[in-house]
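The values are calculated or read from the model by the stated rules, or taken from the named source; none is laboratory data. Here the structure is a predicted model, which is why all the values come from computation and not from measurement. Positions of Cβ are generated from backbone atoms using ideal geometry, with glycine treated the same way; all protein chains shown enter the neighbour counts.
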Amino acid sequence: MFKRVEETAGTAITFSFEGKELTARAGDTVAAALLAAGERSLRASAVSASPRGPFCLMGVCFDCLVQIDGVPNRQACMVAVKEGMSVHRQDSEPEAVSL
């Protein structure tokens, strides 16, 4: 289980994951906020459909891909969580997106 080292630091902000309202701290990445909330599975593997979650937490492995505010294939470990952000699990077959 992931546990915060210091519970009092940071301003509380609210975002949603799969329609469920969660609270994070300002400065958290989406991956850190989801792990702190007890969420472990963020997407399904494109090969076997097995659950995948944050692994490296530094943008190397791509196991934490999620859909953020309607944009798929975002690395949860590289995006800071923001007030009102809407996050959804990633489909097993990623879409090509031009930014």
Of all residues in segment 1-57 being over 14 Å from Glu83 (Cβ atoms) and among the basic types (Lys, Arg), which is modelled with the highest pLDDT?
Lys20
Go through segment 24-42 and give me each residue that's among the small types (Gly, Ala, Ser), assigned to a loop (DSSP other than H, G, I, E, B) and either within 8 Å of the chain's Cα centre (by Cα) or on the phi > 0 side of the Ramachandran plot (or both).
Gly27, Gly38
For Val81, only one of the following conditions fails: (1) in contact with a Gly (Cβ under 8 Å, 6 or more places away or on another chain); (2) touching a residue at least 24 places away in the same chain (Cβ under 8 Å). What is its number?
(1)
